[in-house]
1. Name every residue in the stretch B:13-54 that is touching a Pro at 6+ places or on another chain (Cβ under 9 Å) and farther than 23 Å from B:Gly113 by Cβ, in order of residue number.
2. So which residues in the stretch B:205-232 are in contact with a strand residue (DSSP E or B) (Cβ under 9 Å, 6 or more places away or on another chain) and within 7 Å of chain A (Cβ to nearest Cβ)?
3. Quick one: count up the residues across the stretch B:74-87 that are crowded, with 21+ Cβ neighbours inside 10 Å and more than 8 Å from chain A (Cβ to nearest Cβ).
4. For the stretch B:36-57: of the residues being β-branched (Val, Ile, Thr) and in contact with a helix residue (DSSP H, G or I) (Cβ under 6 Å, 6 or more places away or on another chain), which is nearest to B:Val79 (Cα to Cα)?
5. Could you please let me know if B:Val165 is within 11 Å of chain A (Cβ to nearest Cβ), surrounded by fewer than 20 Cβ atoms within 10 Å (Cβ to Cβ) and out of contact with any Lys or Arg (no Cβ under 8 Å at 6 or more places or on another chain)?
6. Which of the residues spanning the stretch B:88-116 are assigned to a loop (DSSP other than H, G, I, E, B) and facing chain A (nearest Cβ under 9 Å)?
Amino acid sequence: MTQRGGGGGGGYVERAPGGGSSSLADVVALILDKGLVIDVFVRVSLVGIEILTIDARIVVASVDTYLRFAEATNRLDLYEKGGKDLPGLVQGITEGGAKGKTTGVLEAAAEKVNDILANSREQRSEEPRRRPVRQRVRESEE
Amino acid sequence: MNLLEAESPTYIYGLIKADTVLPDGLTGLGPSGQVSTIVHGRVAAVVSDVPLDRPLGMRADLVAHEGVLDTLAARGAVVPMRFPAVVEEHAVVDELLAPNQDHFVELLDSLEGRAQFTLTGRYEQDAVLREVLVGDEEIRALREKIRELPEDASYYDRVRLGELVVHALEQRREGEGAVIVEKLEPFAEAAVSNQLGAPDEVVNVAFLVERDRQEEFENAVEGVGEELVGRVRLRLLGPVAPYDFVPEG
């Protein structure tokens, strides 16, 4: 459910409506871990539903990712041979020591899962009436 | 309200003002498919029954949660609950609303007439990789070296090349993402940045926009999209319920 244009614009931005017609990836990114948490406000006995969510937005920079970008970079040869050369593009390019963001992302992923597990444990300890079921929500796209 | 028995588990989508009329055509995630409200004073919880024979979290559950909230958001203020909000008994909902009524009303007031738009953007890979290549001698040299080696002999160099490129993209997007947000902030009441994923993701920001200024905001996004055409592909999701603008805790 995506469309070009919309909102009276000229179509430079892809548009996606909400309203439950979004793709699974959109829905996951939009609603998971967002919103008011009830047990902050009131002691509630939650139904013993456990849900383990993997945040689809977190992509761990892995060797596979590196190889994918290396491949894409190597592919650029084609353009060069085609005569479209590189000069003229050098403005505003910042360089610097590549500070590893990778570790940060890994930590974030671990934290997230731990959070969720911790939450689930709390929920379970509140006398669930139903057997906890572990459920995974996964992004199906990409 | 009669569709829910007092002691049955209840799913809560979110909170609305008591005088907001539920639109037709809302589809809940419970077996009945129905959606109703539990009113307490000036606030109401939007609720439904909940499937008891299977775990929650199927695609349809997520879609129903979002569908109900986004449809409500188009009518008036709504505070989304975090998925999945299930209470054991219908009666507990009142326990949630009663002591927090003022707080919830305040929250709803602050969201009245506003909607969320989520803007994401990705680099046009080839264009930006070419920029990276031009700007980095080490990357260029490494690429030349890899070219001269047979594929199985260049594995570690290719990993290293990819790592350098990924870091270069990550560095580049920090500044560029910030510029995009800066340009759009004047058209929004608030903005929240989400964590970026893939290395070519440039921006992922939720904006809270006045309904009256929606078109103005959309045009501004369109303008940024035009400026970035060929380098960054923008995608605008919304209007949706203000998922990113519910205070933590």
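The values are calculated or read from the model by the stated rules, or taken from the named source; none is laboratory data. If you're wondering where the values come from, they're calculated on a predicted model, not measured in any experiment. Methodologically, a virtual Cβ is constructed for each residue, glycine included, from the backbone with ideal geometry; neighbour enumeration extends over all protein chains shown.
1. B:Leu29, B:Gly30, B:Pro31, B:Asp49, B:Val50, B:Pro51, B:Leu52, B:Asp53
2. B:Glu218, B:Val221, B:Glu222, B:Gly225, B:Glu226
3. 2
4. Once the filter is applied, the top-ranked residue is B:Val43.
5. On the way: within 11 Å of chain A (Cβ to nearest Cβ): yes; surrounded by fewer than 20 Cβ atoms within 10 Å (Cβ to Cβ): no; out of contact with any Lys or Arg (no Cβ under 8 Å at 6 or more places or on another chain): yes.
Judged against the criteria, B:Val165 is not a match.
6. Result: B:Glu88, B:Glu89.
For (1) of a type in the set (D, E, K, R); (2) closer than 25 Å to A:Ala16 by Cα, each residue gets a yes or a no:
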{"site": "B:Pro99", "(1), (2)": "no, no"}
{"site": "B:Glu106", "(1), (2)": "yes, no"}
{"site": "B:Thr118", "(1), (2)": "no, yes"}
{"site": "B:Ile139", "(1), (2)": "no, no"}
{"site": "B:Asp157", "(1), (2)": "yes, no"}
{"site": "B:Val166", "(1), (2)": "no, no"}
{"site": "B:Glu174", "(1), (2)": "yes, yes"}
{"site": "B:Gly177", "(1), (2)": "no, yes"}
{"site": "B:Ala190", "(1), (2)": "no, yes"}
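Rundown of residues vs (1) facing another protein chain (nearest Cβ under 7 Å); (2) part of a loop (DSSP other than H, G, I, E, B); (3) surrounded by fewer than 20 Cβ atoms within 10 Å (Cβ to Cβ); (4) at pLDDT 85 or above, yes/no style:
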residue	(1), (2), (3), (4)
A:Arg15	yes, no, no, yes
A:Val42	yes, yes, yes, no
A:Glu50	no, yes, no, no
A:Leu67	yes, no, yes, yes
A:Ala72	yes, no, yes, yes
